[in-house]
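A short write-up of the structure that comes next.
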Amino acid sequence: MKNILVLLVAIVSLSCSHAQKTSFSKEALSQTLLATDGKQVAFQDILKKYKGKPLVIEVWASWCGDCVKAMPKIKELQANNPNVAYLFLSMDKTAEKWKLGIEKHELKGDHFMANDGMKGIFGKAIDLDWIPRYIIIDKTGKIVLYRAIETDFEMINTTLKKLNK
C-alpha cells in the first residue's frame, strides 16, 4: 500500500510539473538575453515586439541533434504560417557557435541567446528540461502552448490553425 501511495504522489508531482502555463514568470520576464548585435535585452521587452501577432518561440542550441533534426519541420511551419512571428532562443555556450548555427541552418526570425545556458536562471524560469522546446503565444500575449518538443508538431500545427481562425 505504501508503494502505491509513493507511486501516486510521484505521478501527480510529475504531471503538475509539466502543466501548461498561460504566462511567463516575473523571473523569466526580467532576465536579459544576448541579441545578435551584442546588446542585452530583457525578455519582457523582446515579447512586447510581438503583441498583436501569434508567436512561435523555439528554444534550441547548435550542438543539439534533436534541434537540427527538427529544422525542416520549423521551416515547413514557417512556410505554412507566414502571418506568425518566429523567435529563436539559443542555449549555446558561446555567441560564436550560436551565430554560426543561425547561419548554417538558415534560421529566419529573431534571435537571442541565454547568457547562462539551459540550466541557468532563464532556463529554470521557463521550466526548460529539453530542447528543442516550442512555446506558442497568441495575439494577446497569452501562452497557449507552453511545453512542446520536436515530436509534437501535429499539436503545434493544430494550435496555430486555431489561432489563425
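The values are calculated or read from the model by the stated rules, or taken from the named source; none is laboratory data. All of these numbers come straight from a predicted model, not from anything done at the bench. Virtual Cβ from ideal backbone geometry, glycine too; neighbours counted across all protein chains shown. Side chains are part of the model used for accessible areas, which takes the heavy atoms of the whole protein and leaves out ligands, DNA and RNA. Shrake-Rupley method; radii C 1.70, N 1.55, O 1.52, S 1.80 Å.
So is Asp45 in a loop (DSSP other than H, G, I, E, B), at pLDDT 95 or above and not hydroxyl-bearing (Ser, Thr, Tyr) or not?
In short, no.
Would you call Lys93 over 21 Å from Thr151 (Cα atoms) and modelled with pLDDT under 95?
Yes, satisfied.
Tally time: how many residues in segment 148-158 are free of Cβ contacts under 8 Å to residues at least 24 places away in the same chain and buried (at least 19 other Cβ atoms within 10 Å of the Cβ)?
Final tally of qualifying residues: 1.
When only residues in segment 8-40 that are at pLDDT below 95 and of a type in the set (A, V, I, L, M) count, which is nearest to Leu87 (Cα to Cα)?
Ala19
Taking interchain pairs and intrachain pairs at least six residues apart, which have beta carbon atoms under 7 angstrom, with the first residue in segment 96-118 and under 23 Å from Ala85 (Cβ atoms) and small (Gly, Ala, Ser) and the second open to solvent by 30 Å² or more (accessible area, probe 1.4 Å) and modelled with pLDDT of 95 or more?
As it stands, the answer is Gly101/Ser62, since those pairs meet every condition given.
Kindly indicate whether Lys161 is under 23 Å from Pro54 (Cβ atoms), part of a helix (DSSP H, G or I), without any contact (Cβ under 8 Å) to a residue 60 or more places away in the chain and open to solvent by 10 Å² or more (accessible area, probe 1.4 Å).
Answer is yes for this residue.
What are the residues in segment 61-73 that are part of a helix (DSSP H, G or I) and either within 14 Å of Ile131 (Cα to Cα) or of a type in the set (A, V, I, L, M, F, W, C) (or both), if any?
Correct list: Gly65, Asp66, Cys67, Val68, Lys69, Ala70, Met71.
For the structure I just gave you, tell me whether Thr36 is touching a His at 6+ places or on another chain (Cβ under 6 Å) and open to solvent by less than 80 Å² (accessible area, probe 1.4 Å).
yes
Pick from segment 53-73 the residues that are in contact with a Leu (Cβ under 9 Å, 6 or more places away or on another chain) and not acidic (Asp, Glu): which of them is surrounded by the fewest Cβ atoms within 10 Å (Cβ to Cβ)?
Of everything passing the filter in segment 53-73, Met71 is surrounded by the fewest Cβ atoms within 10 Å (Cβ to Cβ).
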